[in-house]
Amino acid sequence: MRKVIGILFICVMVVCCSDESTNNKSDGVIHVRIDRDPGVLFPMFSKYVVSRDVYSYVHVHLAGYSPKTLQLEPNIIKEVPEALEITSGPFAGGIYYEMEFLPDAIWPDGSPMDGDDYLFTLKSALHPDVNTPSWKAYLNTVSDVEVDDQNNKKVRVYFKKPGVNALEIATGIEVFPAHIYDPAGALSDIPFKNFVNGELEEISSEEAFTAFAKTFNDARFHADVSVGNGPYVIADHRTDQFVRLERKENWWGNKYPDRPLLQAKPKTIIFNIIPDEVTAMTQLKAGAIDVMTFTNGENFKQIKSEETSLNFATPQTPAFYFICMNNRSPELADKNVRKALSHLIDVEDFIDQVEFGEGERTIGPVLPYREEYNTTIKPISYNKEKALELLENAGWSDTNNNGVLDKKILGQLTELSLDMYVSSGALGQRLALILTENGKDIGLEINTIQKANRAIRTEHIATGDFDLYPMRKRTHLGEYDPYTSWHSDNAKPGGSNYMLYANPEADDIIEELKEETDEEKRDDLYFELQEIMFEDQPVIFLYSPVAKIATNKKISVLTSVQRPGYFLYEATVE
């Protein structure tokens, strides 16, 4: 993909072990630290990002972004398909993709992996009683799926309209074995179009149809069955302790050494769940942990200066930090107030102090290393005087001389007092302290309220009952689609536009981006969107961090921009 440029390719590197001869070794055990239990390790139902870091060795996409080239490459299909125009029929004017599963692709019991499994996977995700909202949203542009009558390994996926993300939607899913997850064939005879059109009224009352959903929704069912198309199986998962993956016997993917995500050199991968970073660092030093990512820049700097038994890498991450602002809060509805808050944080100094210089300023949701990043926009500077000027222009002044700015809103005297919710994380708390101290100097009151992150999300972010909340947003390596996070369709309680941002001009551009395939026109649209959002300042955009990775020198690990920053498929152990 041409959109990922420059810095990405510089950051793709291999952390080599001290003895080059170990590069031919395998069959070892690798211990990886993760900071929380991953929960359900089934792609349709996983809730946490860390879940994918674990289950990606068990379940792989049909095609995915290679951690080596950062290009979309085939995994379990023969090749990445080209879009073919539909010239007649109900989908005329749309496109379709024809994909063929590799002839060797089989399930652990020897059954072929084929188009029937692909069709089952989409049907199960779109089943109205199956709890897969994210998959339903992801697949909502798929119009039909056909399995070739002459060759079950071939499948065609139809879209009514050409879409810039259609290829990723068609290929960017994991497939599950129909004969294992639906042995009774409850979904097999139902046409796919019924799931798309919602024509399931007569079927929805059938016992087999409802029984399938009940079983499929049960987390225990997936833990007990747990059949994936990737090179590893989940051998053991002990909550809050560890997850152990074992390489499949007679793994068919060994026949494709040029496909990185089909490799399985380590025999065993153990994800040790260690929430506390200092505790994990101690185990890393002792050799009990082989691979670890750091969130605390100071800890990372310390261990780099102390340890000679470790290798270190800092690939760029496809993510950015920001402070979410409730755009419908009476105090924050005025963009001048939001701009004023953005002037109260010295982001460059924050990067130096917290990340030890490892981070890149951002001016919007498009990350700085992407080709469509608008370099003509300069980040908002730290300037308390400018912040006060903006607030005064917005009508805020201290009329009662109590040290806090106030203003009449809907006839009611309202003081400029904002609630900022933070969890126990050091980064969020530090941002809250900075805003509190700098805001106090100009008559802005920040009330820091600490709660568990889950409570903040469910009680405040999901309900719109908040003013400020520090967040981290992750993106992927494909074409950036701002619809989910920034379109007004999703600016509602429980929606994915947490900041409740709405701008008709931005909406129009976001909708155009969904269908525009010309790269130059897309760049122009991205540039314009960034200009609009920079003017609106719906959030306080901060910076894009790097991954901070330490690995034992006894192993060789590929590191990459792609999350989680390390890839163990081809890791070798001394």
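Worth pointing out:
- Amide H partners (placed H, <5 Å) of E371, local residues excluded: I5
- Dipole check for the chain: with +1 at the C-beta of Lys and Arg, -1 at the C-beta of Asp and Glu, and the Cα centre as origin, the magnitude is about 1540 Debye.
- Dipole of the chain [Lys/Arg +1, Asp/Glu -1 at C-beta], most positive-end residue of T171, N326, W252: W252
- Relative contact order (percent, whole number), the chain, Cα cutoff 8 Å, 6+ residue spacing: 22
- Calculated from the alpha-carbon coordinates, the range 13-167 shows an Rg and a Dmax of 18.7, 61 Å respectively.
- Contour excess over end-to-end distance, with Cα ends at R36 and R454 and 0.36 nm allotted per residue: 149.2 nm
- Alpha carbon centroid spacing (whole Å) that separates the range 200-217 from the range 107-132: 15
- Alpha carbon convex hull of the range 376-524, volume per residue in cubic angstrom: 165
- Each residue of the range 151-159 is assigned a 3J(HN,Hα), and the resulting list reads 8, 5, 6, 9, 9, 10, 10, 10, 10 Hz, derived from the Karplus form 6.51 cos²θ - 1.76 cosθ + 1.60 (θ = phi - 60°), x at Gly and Pro.
- Residue among V573, Q530, V347 farthest towards the positive dipole end of the chain, charges placed on Cβ: V573
- For D419, nonlocal amide neighbours, meaning residues 5 or more places apart or on other chains whose placed amide H falls under 5 Å from its own, are N447, D467, L468.
- Net length available on complete extension from A211 to R238 is 6.9 nm, with 0.36 nm assigned per residue and the Cα-Cα distance removed.
- Across the range 341-351, computed HN-Hα scalar couplings (Karplus, 6.51 cos²θ - 1.76 cosθ + 1.60, θ = phi - 60°) run 4, 5, 7, 9, 10, 7, 5, 4, 5, 4, 4 Hz from first to last residue, x flagging Gly and Pro.
- Lys, Arg +1 and Asp, Glu -1 on Cβ, resulting dipole of the range 319-545 about Cα centre, debye, nearest 20: 1080
- Placing +1 on each Lys and Arg Cβ and -1 on each Asp and Glu Cβ, with no other charges, gives the range 420-574 a dipole about its Cα centre of roughly 1640 debye.
- Residue by residue, the range 382-394 carries 3J(HN,Hα) couplings of 6, 7, 5, 5, 5, 4, 5, 4, 5, 5, 5, 5, 7 Hz when phi is fed to the Karplus relation 6.51 cos²θ - 1.76 cosθ + 1.60 (θ = phi - 60°); x denotes Gly or Pro.
- Size of the chain from its Cα atoms: along the principal axes, largest to smallest, the extents are 80, 62, 46 Å.
- For the chain, with +1 on Lys and Arg beta carbons and -1 on Asp and Glu, the positive-most of Q71, F192, G395 along the dipole: Q71
- Relative contact order (%) - the range 315-439, alpha-carbon pairs under 8 angstrom, separation at least six: 25
FYI, it's all coordinate maths here, none of it is from the lab. What you see is a predicted model; the values in this text were computed from it and never measured. Positions of Cβ are backbone-derived with ideal geometry, glycine not excepted, and every protein chain shown enters the neighbour counts.
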